[in-house]
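Note sheet for the following structure.
The values are calculated or read from the model by the stated rules, or taken from the named source; none is laboratory data. Note that the coordinates shown come from a computational prediction; the quantities given were computed from them, not determined experimentally. All Cβ positions, even for glycine, are placed from backbone atoms using ideal geometry, and neighbour counts span all protein chains on display. Remember, those area values only see protein heavy atoms, side chains included, never the ligands or the DNA or RNA. Shrake-Rupley method; radii C 1.70, N 1.55, O 1.52, S 1.80 Å.
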Amino acid sequence: MINLNQTAIDVRDLNFDKFLSNLQGNILKGHGRDNTVHIFSRFKPGKIAEVKAWLQNFTKQNVTSCKEQLRQRELFKRNGTPGSLFAGLYLTAKCYEYLGLPTAPFGDPSFKAGMKNADLDDPPVASWEPGYQQDVHAMILLADDDLTRLGKQSKIVLDELDLLSEIIDVEYGSAIRNANGDGLEHFGYVDGISQPLFLKDEIDNFKAANLALRFDPSAQLSLALVDDPHTGAEDAFGSYFVFRKLEQNVRGFKKAEEKVAEILGLEEEDEERAGAMIVGRFEDGTPVTLSKTDHMIASGIMNNFDYKEKIEGVNGDNGSRCPFHAHIRKTNPRTSEGDKKRIMARRGITYGHRNVNTTIDQTFVQMPKEGVGLLFMSFQKSLVDQFEFIQKSWANNVSFPSANTGIDPIIGQGNTMSNGKYAKKYNDKTTLTTVPFDKFVTMKGGEYFFAPSIPFLKNLA
Ligand code: N7H
């Protein structure tokens, strides 16, 4: 029997075999494919038996277990063998009701209430994209590096689903990269660096690369997993799943970023620190709390830091290196064990077309104002205590971590603008200056799902 308090799962240990076979992929480790299709559907009334049979069949034929995902990862590492199509299946509370399965056994009230009723200062539902204004039952995720195979498979799934459901929306994710080949989000920053680590090999690698540990990303399974309440199978777990379509006004953001540098009077070689103080990392991923502009080797993937580190004898806690309102500091203050319980497994991917490739430096007119953004996704044990807590009690909260910190300049929502304090001079708290910053991310719709265990899905009919 698997104990969810365990950490550092050794994938070679046969005791975990059943557990890994029963769990959907992408939860403990991102699937890593560069292209995704997300199909949102609502099943037609009176077709329960057919829907159950379809979900069961789709699972048997396509859904990628964690074990299969890790097997493919191993082959890729060893021989460079590319992975095959990845598939995941996520259901809403409304879907369980439709299937005649009670939602009472789900412990998370926000899952049962749905994102439309969440208290997150989201734009009114009437302004969401039309598809998301409707009730959704399922999101099917297909992901592949091979676009042709992905296209073919999504057509098959869409044709099948068309007979049983209304296709409410289809989203297409495609990774964008910088000249180093690192995955970016549309404002130009490397994303996906800080993640909870569940697997022993990943934790060992992290510890080997970071001998003096300042931040330990290793996590217990219970950070992301809960018992699947609708199966009696042993070692069968699921996870609550967030999906949010977040549009990014890249041109507006980049102009505002430049304005911050101007207001602070940053010298040319220090200009990029303006954006780094908004995000908490430089574009290449280097944490601003560790560096002004001199980037360390491999600092782009650096995650071994907290905000107490002393530089030139000065404690970083005062916000003169990484401001308290910076996106990564608001969403993970790295201060206590309690903060670590909020962390989510983030699995987002960028969407939308760029006319100018992101490996090329661009002027404002070449940057999109709309139509691009992030399909934000995360897995967690609790929507209330993790995703919602981070969005509402930290990012949207002007007074977190202390009075007048201001909202998160990237994802903060509500009536106020971000009004944080930025240091004109790195590491000098006497130069902290308040600078207003507008909002450039707009929530276009989303929903809460549950990623059920494979035994549940395989025995549905
Ligand atoms: Fe954020 N960005 O470009 O600024 N995010 N994020 N995020 N985010 C992170 O450290 C971004 C969003 C978190 O542990 C990085 O992995 C954008 C939501 C958390 O130190 C960058 C959007 C929520 C972390 C961005 C967006 C979060 C994190 C640095 C929307 C939760 C890790 C890469 C369009 C409610 C913090 C990294 C840590 C990192 C950006 C959304 C949370 C570059 C553009 C909705 C917990």
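Data overview
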item	result
Residue 179 being over 23 Å from residue 98 (Cα atoms) and under 16 Å from the mean Cα position of the chain (by Cα)	no
Candidate set: the stretch 159-202, residues that are under 30 Å from residue 6 (Cβ atoms) and away from the ligand (no atom under 16 Å from the Cβ); chosen: the one most open to solvent (accessible area, probe 1.4 Å)	200
Matching entry among 113, 143 (being away from the ligand (no atom under 16 Å from the Cβ) and farther than 27 Å from residue 65 by Cβ)	113
Among the residues listed as 272, 257, 262, 267, the single one being more than 24 Å from residue 335 (Cα to Cα) and within 12 Å of the ligand (Cβ to nearest atom)	257
Candidate set from the stretch 420-452 (those that are among the polar types (S, T, N, Q) and touching a residue at least 40 places away in the same chain (Cβ under 8 Å)); member that is most open to solvent (accessible area, probe 1.4 Å)	442
Given (1) under 22 Å from the mean Cα position of the chain (by Cα); (2) hydroxyl-bearing (Ser, Thr, Tyr); (3) open to solvent by 40 Å² or more (accessible area, probe 1.4 Å), index of the condition residue 64 fails	(3)
Listing of helices (runs of 4 or more DSSP H) fully contained in the stretch 128-232 that carry 1 or more residues being among the β-branched types (Val, Ile, Thr)	147-164, 200-209
Residue ID - nearest to residue 337 (Cα to Cα), chosen from residues in the stretch 289-301 that are open to solvent by less than 40 Å² (accessible area, probe 1.4 Å) and either within 11 Å of the ligand (Cβ to nearest atom) or in a helix (DSSP H, G or I) (or both)	289
Residues being open to solvent by 50 Å² or more (accessible area, probe 1.4 Å) and either away from the ligand (no atom under 15 Å from the Cβ) or touching a Lys or Arg at 6+ places or on another chain (Cβ under 6 Å) (or both) - total across the stretch 329-378	11
Hey, residue 284 more than 9 Å from the ligand (Cβ to nearest atom), open to solvent by 40 Å² or more (accessible area, probe 1.4 Å), touching a residue at least 40 places away in the same chain (Cβ under 8 Å) and of a type outside the set (A, V, I, L, M, F, W, C) or not	yes
